[in-house]
Amino acid sequence: MTKFLPKKILLLAGAGHAHIGMLRRLSAARLKDADTIEADIHLISEQPQTIYSGMLPGWMAGHYQLHDISIDIKSLCVRAGVRFIQQSLVKVNAASNKVVTTGDAQTDFDYDVLSLNTGADTDMRWQPDHNSYNEYRSDNDDNNTGAANTNVIAIRPLSTFITQWQRILKAAQQSEKYQLAIIGAGAAAIELVMAAQVALRNINRNHQVTLVCGENLLSGFNSGFRQRVVQQLHRHDITIVRERASDYRDGKLSTTHKSLSINAVIAATGVIGSAWTASTDLDIEGDGFVAVNDKQQSVSHSNVFAVGDVATRIDKYVAHSGVHSVHGGAVEADNLLAYLGDNVMRSYQPKSRTLYLLSCGDKYAIGSWGNVNLQGRWVWHLKKYIDKRFIEVNKN
Ligand SMILES: Cc1cc2nc3c(=O)[nH]c(=O)nc-3n(C[C@H](O)[C@H](O)[C@H](O)COP(=O)(O)OP(=O)(O)OC[C@H]3O[C@@H](n4cnc5c(N)ncnc54)[C@H](O)[C@@H]3O)c2cc1C
């Protein structure tokens, strides 16, 4: 008598850029009737939709509607033949091949192979009393982002930020002079500050946005690019405070030497590992990132893969960015199939130069490609074209 072995279970946790690419690939294979993967595939995500971060500043500035920047994960799963589970991952027990989630109830899921693409949290340790990662996590073990003050808004999770931004706009409509501060020195903070200034000035010319960025504005970019950004910040009349923020309370934002009157603060202060990384036996590096090798495979558990902001490569520095989640994700998807089929896996080697397009609020953008810098309205249209294409391929 023939005995059928049960199919293996591939569990995808999180609906980041990499898993979106994986779902697209699976549905394309289904359309062609090509059987690419012999496994039962499940995807766990907190939300049935995910917000595309590349277009978030454009939404804030009023160029896009919310549906323009959202990707429907549940529909992608249906098309890909993947079971969608709306839950939040809270624990990974790699020794027993189990994850724990919360949603309506706490649930355990078994897996044979696990792929993690849950992104990261905003690093809120600029606030007092949160010095080390462990201290921070033990104070914030309920999956929140450390922003207890309702007028301190973390950029991540993006779904929460969307609601908070709408609250800011409402408050600005009722105010004679609304003062908003964005804390951060990376490309996301710069895009947010210009989008916010455009949106608030459209409500009232007296409203003002301040960028609090410390001493190292855009440290990963070349000096020509930085100069172009500063020119754009001046063009928008944005106040720049090159000091570190240290606290916000009673309407005052404290920086190294200043105390600023501010109605609300948006923190785009870099990333820290997701809350669940404090509850796992996987090897974790630095501030809560899953340690992976060049195959995007956990260094402690070979049947666990991680990609995007949730992971950190132990063999070389790879920045946390959407670009690496997409490209690393394509390699990771190959490796998941190879691992399930006992085939040889490949290595993700990031390109030495990546195109970065930074939107400046009012349909103007600056681009960088290695040492080459570009700017203009046409750069914004190029960015719009690339971003819309990313959304469109995931809708059809
Ligand atoms: C305003 C802004 C603009 C940016 N622009 C760019 C850009 O132009 N180019 C670029 O390369 N990078 C950009 N970035 C950075 C980029 O957004 C991130 O690096 C990228 O989103 C990381 O992708 P990811 O696939 O790791 O995860 P994410 O895109 O963060 O997705 C993670 C997913 O997992 C889900 N999730 C999280 N936790 C759990 C959990 N516990 N259980 C279940 N599901 C969970 C989330 O809901 C989400 O759907 C920008 C960031 C911001 C904030």
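The values are calculated or read from the model by the stated rules, or taken from the named source; none is laboratory data. Computed from a predicted model, the values in this text were never measured in an experiment. With ideal geometry, Cβ positions are generated from the backbone for all residues, glycine too; neighbour counts draw on all protein chains shown.
Taking Arg156, is it closer than 30 Å to Lys91 by Cα and part of a loop (DSSP other than H, G, I, E, B)? Let's see the steps before the verdict.
Details: closer than 30 Å to Lys91 by Cα: yes; part of a loop (DSSP other than H, G, I, E, B): yes.
The answer is yes for Arg156.
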Evaluate the stretch 32-52: report whether one residue or more is modelled with pLDDT of 95 or more and either farther than 30 Å from Trp165 by Cβ or outside the structural domain of Asp72 (by TED's automatic domain parsing) (or both).
yes
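What number of residues within the stretch 202-228 satisfy the criterion of being assigned to a loop (DSSP other than H, G, I, E, B) and of a type in the set (S, T, N, Q)?
Going through the stretch 202-228, the residues assigned to a loop (DSSP other than H, G, I, E, B) turn out to be 204-207, 213-222.
Subset that is of a type in the set (S, T, N, Q): 204, 206, 216, 219, 222.
Number satisfying all stated conditions: 5.
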List the residue pairs whose Cβ atoms are under 9 Å apart, where the first residue sits in the stretch 312-338 and is over 13 Å from Gln297 (Cβ atoms) and within 13 Å of the ligand (Cβ to nearest atom), the second is among the acidic types (Asp, Glu) and in a helix (DSSP H, G or I), and the two are 6 or more positions apart or on different chains.
His320/Asp309; Ser321/Asp309; Gly322/Asp309; His324/Asp309; Ser325/Asp309
Residue within the stretch 343-356 that is in contact with a Gly (Cβ under 9 Å, 6 or more places away or on another chain), within 16 Å of the ligand (Cβ to nearest atom), on the phi < 0 side of the Ramachandran plot and in contact (Cβ under 8 Å) with a residue 60 or more places away in the chain present
yes
Looking at (1) assigned to a loop (DSSP other than H, G, I, E, B); (2) within 13 Å of the ligand (Cβ to nearest atom); (3) surrounded by fewer than 20 Cβ atoms within 10 Å (Cβ to Cβ), which is the only condition Gly62 fails?
(2)
